[in-house]
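Take a look at the structure below.
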Amino acid sequence: MIIDSHTHIFPSFFQKKKEEALSREYAFRSLYGSPHSRLIDRDELLKVMDEEGVDRCVVFGFPWERADYFKRHNDYIIESVQRYPERLIGFSCFSLLSPEASAEARRCLQAGLSGVGELALYASDISYETVSNIDVLMETCSNFRVPILLHANEPVGHRYPGKTRMTLAGLYDFLKKYPGNQIILAHWGGGLFFYGMMKKEVKDVLRNVWFDTAASPFLYEPLIYKVAGDIVGFDKILFGTDYPLISARRYFKEMEAAGLSEESIRKICGENAAELLGI
């Protein structure tokens, strides 16, 4: 089974109201302000899944600041999962800074969603100091035994839309604060997995942490699959495309180019996600 653990879909409301959303939401504007950016719905995603041989996708919306926006978007994710339960796996998404975050997570998890994410801060670092009000949210995820997916990016290198002012130190401190939560770090965790080679502490902190491959073809050489697998284990890597940003085929080619074993590819492309999500 091939499971894409990182895709974004939007209801028609946001496709029709894109200009309005761009003017109201800084984070949305930073990622989708380009005329070349795409918003797709579940029907387009399902079509592409069939074309590329992807069995199931984790779908989520956007970390909107406005509660009416993220509730509308999460309702669409709930409806999509209910309509296509054998193909789509839904995560609840909202602003990390919203006072309604924990209540919205609970509402969506009770409605049948399987996790929370992709959560992000596009104007500041993710650290315990910046999001110290989310203890209840993290407890909710722990009680429901579901993972939380966090946006992460490398703190060095070229600039691109959505790249945040993130520090690995802030992200690491956040992980230390919530050792009991299952946390997925998007985009290879900004390279945080590298420190899994340290002799003290880090291995324990990363014990309940997974790393997804979203946007990897834009960011890293194919060798990253083998490097990350050798450091944290191939059972901690989740195939994620960030579709519609990049198609699944490019990832499959890069895994082959990296010289991964068939067993490692099976783990990355589906087995790890299936185990984590209880499929």
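Values as computed for the structure displayed
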| read-out | value |
| --- | --- |
| In segment 255-270, the residues that are charged (D, E, K, R) and closer than 19 Å to Leu185 by Cβ | Lys267 |
| Residue in segment 82-98 that is at pLDDT 95 or above, in contact with a Gly (Cβ under 8 Å, 6 or more places away or on another chain), closer than 30 Å to Val156 by Cα and hydroxyl-bearing (Ser, Thr, Tyr) present | yes |
| Filter pass, Gly115 being more than 21 Å from Tyr32 (Cα to Cα), buried (at least 16 other Cβ atoms within 10 Å of the Cβ) and touching a Pro at 6+ places or on another chain (Cβ under 6 Å) | yes |
| Residue check for Arg106: within 25 Å of Arg250 (Cβ to Cβ), out of contact with any Cys (no Cβ under 8 Å at 6 or more places or on another chain) and either β-branched (Val, Ile, Thr) or surrounded by fewer than 19 Cβ atoms within 10 Å (Cβ to Cβ) (or both) | no |
| Members of segment 1-37 found to be touching a strand residue (DSSP E or B) at 6+ places or on another chain (Cβ under 8 Å) and within 17 Å of Ala120 (Cα to Cα), listed by number | Ser5, His6, Thr7, His8, Ile9 |
| Residues within segment 239-275 that are of a type in the set (A, V, I, L, M, F, W, C) and in a helix (DSSP H, G or I), tallied | 9 |
| Matching residues in segment 1-37 - criterion: being polar (S, T, N, Q), farther than 18 Å from Gly162 by Cα and modelled with pLDDT of 95 or more | Ser5, Ser12 |
| Members of segment 197-244 that are crowded, with 18+ Cβ neighbours inside 10 Å and acidic (Asp, Glu) | Asp212, Asp242 |
| Positions within segment 134-154 being assigned to a loop (DSSP other than H, G, I, E, B) and crowded, with 18+ Cβ neighbours inside 10 Å, in sequence order | Ile134, Val146, Pro147, His151, Ala152, Asn153 |
| Every residue from segment 125-161 that is among the small types (Gly, Ala, Ser) and touching a Gly at 6+ places or on another chain (Cβ under 9 Å) | Ser127, Ser142, Ala152 |
| Helices (runs of 4 or more DSSP H) completely within segment 196-238 that count 1 or more residues being closer than 22 Å to Ile3 by Cα | 216-219, 224-232 |
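The values are calculated or read from the model by the stated rules, or taken from the named source; none is laboratory data. Given the structure is predicted, the values throughout are model-derived calculations rather than measurements. Cβ atoms come from the backbone with ideal geometry, glycine included; neighbour counts cover every protein chain shown.
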